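Before any comments, here is the structure.
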Amino acid sequence: MVIPIAANNKENRLMVLPPTFTRNLFFTGKGGVGKTSLACAFAIRLSDAGKQVLLVSTDPASNLEEVLQTPLSNEPRSIAGVTGLFAMNIDPEQAAAAYRERLVGPYRGILPDDAVQSMEEQFAGACTLEIAAFDEFTKLLANTATTLQFDHVVFDTAPTGHTLRLLALPSAWSGFLDSNVTGTSCLGPLAGLQDQREIYQVTVDSLCNPECTTLFLVTRPERSALREAERSSRELHRLGVTNQQLLVNGVFTAADARDPVAVAMQGRCEEALAEMPAGLADLQRTTIPLSPTQMISVEALRNIDSAHDTFPATDGRCFETTGLTSPTAPMACLNQLIDDLASTGRGVILTMGKGGVGKTTIAAAIAVGLVDLGHSVHLSTTDPAAHLMATLDKNQLENLTVSSIDPVQVTDEYRREVLQHAGSQLDQDGRRLLEEDLRSPCTEEIAVFRAFATAVSQGKDGFVVLDTAPTGHTILLLDAALAYHREISRQTSQLPESVIELLPRLRDPSFTRVLVITLPESTPVHEAVRLQQDLRRADIEPFSWVINQSLRPLKVCDPVLLQRQQNEQAYVAEVDAQHAKRTVVIPWVTTPPVGLDALRQLSQRS
C-alpha cells in the first residue's frame, strides 16, 4: 500500500528511503547529476530490506555496468553481493535491430531484394532507435507479467531531453496514428505500431498513476541543474506524471573553515539551494552529501550517505599537489588551447562530452577568449538543455554573437519552407498527405540537423563555437548525415549545400576542431573514451581533451576534497597517457563561471 506524503519543504539530510514505495521508481535529471549512482543505491537499499528488485537502464549512454561492476545485457542478471537485486540494460542498437527484423523479416523472399533493402534503409534513422528502445521499455512497465517476480522496478533513465521524449512518445505516437492515413511514416509501415497501441495506453496510465509510479528528479546544488530540474518537473506535470520527489546530490559541507576552496564550495552549494526555483520548493526533498570516493561497487553504493565517517578531520594544514608529468608533453592550460585554436583564423570548434561536464561553460570561455584575441565569433548550441545566455550573464561583447538552435522554431520554419516549395506543386489531397507527413516525429530531427549543418557552414567566414548535445544525441546527429538525404527526400527534393558539405567539413581537421570535455572521474572519462571511438569511426579525430573542474592544481586540506584530489590523479594520468593527443586541465574555480570576467578567469586572461 502506498503511504502518501504531505506536500511540504521537509528535507531529509541523509539518503534515507522515503516512506512512499510505489512499484515503479524513475530517476531522471540533467546529465551528470548522478542518476545512475542514486538509482543503484536505492535499488540496493530496497533489496537489503528484503525486496525483489529489478534495476533497468534506458539510457543509450548508460554506465550501469561500470557502477555495479557487473556485465549486463537485455535480460535480468543477478548482482553479486545483493540478495534479490537484478539489473539489465536496454541496448537501443540491439533493440532497433530486433525491431527492424520483426517488421522486415516477413517480406524476405517475398518482395524483391531491392524493395527489402529499401525497407531496411527506411528503418535506419534515429526515430527507429527511439521507438525500438521504447518498445522494450513498455514491456517492463505495461506488461506486469514480465516483471511479476519483482516487488519494485527501478528505472535509471536517460538525460532529461531523452527522458522527456521517451515519456512523451506514447501520447505523441497515439496522436500520430490517429491522424496519419497514408499507412507509412518515418518508421515505415504503421501496422507494427498499431499493434502496440493498447500497450502504449497502459504505459501512459502507469506513468500517470501515483499509486504505481514515483519519479525522482535528480539534481546538483547548482543553479543550472536546479533550473533544468524545474523545467523537467513542469513538462512531466503536463504529461500527467505528478508523483515527483527531489534528490539533491553532491551537497558539500566544509570540514575546516581554514580551507578557502572548501569554504567557497560550500558557499556555492548554499547559494544555489537558497535560490531554489519555486517549482521545486514544494517537492519532498532528500539531500545526499558529496562523496569523497567514486560511487563504483556495491559497497560504496551501500554506504553512499556515510562515506564521510571514514575520513578523519585534518589539522588544517593544506597541501599543494605537484601534478603528474606527461610521458610525452606537459599538459596545457585553456589559454594555450585558445591560442592554438586561433591560429587558423576561422573554422568550427565543437565541445563534446557526457552531460554535466561543463561543455557550455568551456564553449563560452573559448568564444570569449577568441574575441579577446581580435576574432569575430558566433557561439551557438544544439543542446535544448543548455543555458548559454545564463553562462554569459547577458553581458554584451563586441564581435560575439550568441544563438541557440530552438527545436520548435526551426521545425516550424522547416515545415513552412517544405509546404511552400514542395506543397505548391501538389493537388489538395497531395498537400494534405504532405502536411500529415510533416507532423511525424522525424521532422524535428531533420529540421534540427539542417540548422546544425547551417551553423557549421558559417565557419567559412569566421569562428563558430558549437556547444553540442550530450554524447548520445551528438553521435546520432553526426550519424544522421549519412541518412539525411534519403529521409529528407520523402518530403522535398531540395538539399542545402550546407548539408552536402557537412561531413567533409567535420572530417577536415583544418576546418573543424573537436574538443572532448570530461571530468577527472571514472564515468565521465570512460564515457568520453567511447565518444572518441565513435568519432574515429566517423573519421573525425579529436583535437584535444579538456579535463574540467579539477582539484589537482589546487591547495586543499578538507578531508573530502583531499581524497577526491587524490582520486583524480589516476584519471588525469589515464587521459594524458592513453587517450588524448593533447590534454588541457582546467581547475575548479571558487567563483561560479558566469559572466565575462569569470569566463576569462578559466583561461587565466584578464
- Answer yes if at least one residue in region 254-266 is at pLDDT below 95, crowded, with 20+ Cβ neighbours inside 10 Å and of a type outside the set (A, V, I, L, M), and no otherwise. yes
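From the list PRO524, PRO553, PRO520, pick out the single residue that is within 24 Å of ALA225 (Cα to Cα) and assigned to a loop (DSSP other than H, G, I, E, B).
On the way: PRO524 fails: assigned to a loop (DSSP other than H, G, I, E, B); PRO553 fails: within 24 Å of ALA225 (Cα to Cα).
Only one candidate qualifies: PRO520.
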- Message: Filter region 228-246 down to the residues that are under 16 Å from the mean Cα position of the chain (by Cα), surrounded by 20 or more Cβ atoms within 10 Å (Cβ to Cβ) and not aliphatic (A, V, I, L, M) and list them by number.
- Response: GLU228, SER232
- Determine, yes or no, whether GLN533 is over 30 Å from ALA255 (Cα atoms) and either assigned to a helix (DSSP H, G or I) or open to solvent by 10 Å² or more (accessible area, probe 1.4 Å) (or both). yes
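Table: residues versus (1) closer than 30 Å to ARG600 by Cβ; (2) in a helix (DSSP H, G or I); (3) among the β-branched types (Val, Ile, Thr); (4) modelled with pLDDT under 80.
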position: HIS378; (1), (2), (3), (4): yes, no, no, no
position: ALA385; (1), (2), (3), (4): yes, no, no, yes
position: GLU398; (1), (2), (3), (4): yes, no, no, no
position: ILE405; (1), (2), (3), (4): yes, no, yes, no
position: SER424; (1), (2), (3), (4): no, yes, no, yes
position: ILE446; (1), (2), (3), (4): no, yes, yes, yes
position: PHE449; (1), (2), (3), (4): no, yes, no, yes
position: PHE452; (1), (2), (3), (4): yes, yes, no, no
position: GLN458; (1), (2), (3), (4): yes, yes, no, no
- Identify all residues within region 281-294 that are over 29 Å from PRO520 (Cβ atoms) and out of contact with any Lys or Arg (no Cβ under 8 Å at 6 or more places or on another chain); write none if there are none. ALA281, ASP282, LEU283
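Using the structure shown, decide if ALA225 is modelled with pLDDT of 90 or more, at negative phi, part of a helix (DSSP H, G or I) and in contact with a Ser or Thr (Cβ under 6 Å, 6 or more places away or on another chain).
Working: modelled with pLDDT of 90 or more: no; at negative phi: yes; part of a helix (DSSP H, G or I): yes; in contact with a Ser or Thr (Cβ under 6 Å, 6 or more places away or on another chain): yes.
In short, no.
Does at least one position in region 597-605 carry a residue that is small (Gly, Ala, Ser) and outside any helix (DSSP H, G or I)? Working first, answer last.
Looking only at region 597-605, we keep the residues that are small (Gly, Ala, Ser), and these are 598, 603.
Applying the additional criterion that residues be outside any helix (DSSP H, G or I) yields 603.
Within region 597-605, one or more residues are small (Gly, Ala, Ser) and outside any helix (DSSP H, G or I).
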- Message: So, in region 3-58, exactly how many residues are of a type in the set (Val, Ile, Thr), within 18 Å of the chain's Cα centre (by Cα) and modelled with pLDDT under 80?
- Response: 1
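Every residue, every condition in (1) at pLDDT 90 or above; (2) assigned to a loop (DSSP other than H, G, I, E, B); (3) more than 26 Å from the chain's Cα centre (by Cα), yes or no:
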{"residue": "ILE288", "(1), (2), (3)": "yes, no, no"}
{"residue": "ILE304", "(1), (2), (3)": "no, yes, no"}
{"residue": "THR314", "(1), (2), (3)": "no, yes, yes"}
{"residue": "THR322", "(1), (2), (3)": "no, yes, yes"}
{"residue": "ALA329", "(1), (2), (3)": "no, yes, yes"}
{"residue": "LEU370", "(1), (2), (3)": "yes, no, yes"}
- Query: Would region 249-262 turn up any residue that is assigned to a helix (DSSP H, G or I) and among the small types (Gly, Ala, Ser)?
  - Reply: yes
- Message: Being closer than 21 Å to ILE338 by Cβ, surrounded by fewer than 19 Cβ atoms within 10 Å (Cβ to Cβ) and among the charged types (D, E, K, R) narrows it down to one residue among ASP597, ASP539; which is it?
- Response: ASP597
- Only one of LEU217, LEU140, LEU187 is surrounded by 15 or more Cβ atoms within 10 Å (Cβ to Cβ) and at pLDDT below 80; which? LEU187
- Note on the structure: Counted residues in region 232-272 being without any contact (Cβ under 8 Å) to a residue 40 or more places away in the chain and of a type in the set (Lys, Arg) come to 1
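Determine which member of the set VAL546, VAL589 is at pLDDT below 95 and at negative phi.
On the way: VAL546 fails: at pLDDT below 95.
Within the list VAL546, VAL589, the selection yields VAL589.
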- Task: Please go through region 100-134 and pick out each residue that is more than 21 Å from the chain's Cα centre (by Cα), at pLDDT 70 or above, closer than 25 Å to PHE449 by Cβ and open to solvent by less than 20 Å² (accessible area, probe 1.4 Å).
- Result: VAL104
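Does SER440 fit the bill of being modelled with pLDDT under 85, outside any loop (DSSP other than H, G, I, E, B) and open to solvent by less than 70 Å² (accessible area, probe 1.4 Å)? Spell out how you get there, then give the answer.
Details: modelled with pLDDT under 85: yes; outside any loop (DSSP other than H, G, I, E, B): no; open to solvent by less than 70 Å² (accessible area, probe 1.4 Å): yes.
Against the criterion (modelled with pLDDT under 85, outside any loop (DSSP other than H, G, I, E, B) and open to solvent by less than 70 Å² (accessible area, probe 1.4 Å)), SER440 does not qualify.
Quick check on GLU568: is it in contact with a Leu (Cβ under 8 Å, 6 or more places away or on another chain) and surrounded by fewer than 16 Cβ atoms within 10 Å (Cβ to Cβ)? Explain how you work it out, then say what you get.
On the way: in contact with a Leu (Cβ under 8 Å, 6 or more places away or on another chain): yes; surrounded by fewer than 16 Cβ atoms within 10 Å (Cβ to Cβ): no.
So GLU568 fails the test.
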- Item | Lone qualifier among SER544, SER550 - being under 30 Å from GLN458 (Cα atoms) and of a type in the set (S, T, N, Q) | SER544
- Task: Select, from GLU270, GLU299, the only residue that is at pLDDT 80 or above, in a helix (DSSP H, G or I) and more than 22 Å from PHE216 (Cα to Cα).
- Result: GLU299
- When you go through (1) over 24 Å from LEU341 (Cα atoms); (2) without any contact (Cβ under 8 Å) to a residue 60 or more places away in the chain; (3) touching a Phe, Trp or Tyr at 6+ places or on another chain (Cβ under 7 Å) one by one for GLN566, which number turns out not to apply? (3)
- Query: Which pairs do you get when a residue that is closer than 18 Å to LEU400 by Cβ and open to solvent by less than 20 Å² (accessible area, probe 1.4 Å), found in region 445-467, comes within reach of a residue that is assigned to a helix (DSSP H, G or I) and β-branched (Val, Ile, Thr), reach meaning Cβ atoms under 6 angstrom, with the pair 6+ apart or on two chains?
  - Reply: VAL465/ILE366; ASP467/THR360
- Query: In this structure, is ALA97 over 30 Å from ASN303 (Cα atoms), open to solvent by 30 Å² or more (accessible area, probe 1.4 Å) and modelled with pLDDT of 80 or more?
  - Reply: yes
- Message: Filter region 390-432 down to the residues that are touching a residue at least 60 places away in the same chain (Cβ under 8 Å) and among the β-branched types (Val, Ile, Thr) and list them by number.
- Response: THR391, VAL418
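The values are calculated or read from the model by the stated rules, or taken from the named source; none is laboratory data. Predicted model, so just to flag it, every value in this text is computed and none were measured. Cβ coordinates were reconstructed from backbone atoms using ideal geometry, including for glycine residues, and neighbour counts include every protein chain displayed. Accessible surface areas use protein heavy atoms only, side chains included; no ligands, DNA or RNA. Shrake-Rupley method; radii C 1.70, N 1.55, O 1.52, S 1.80 Å.
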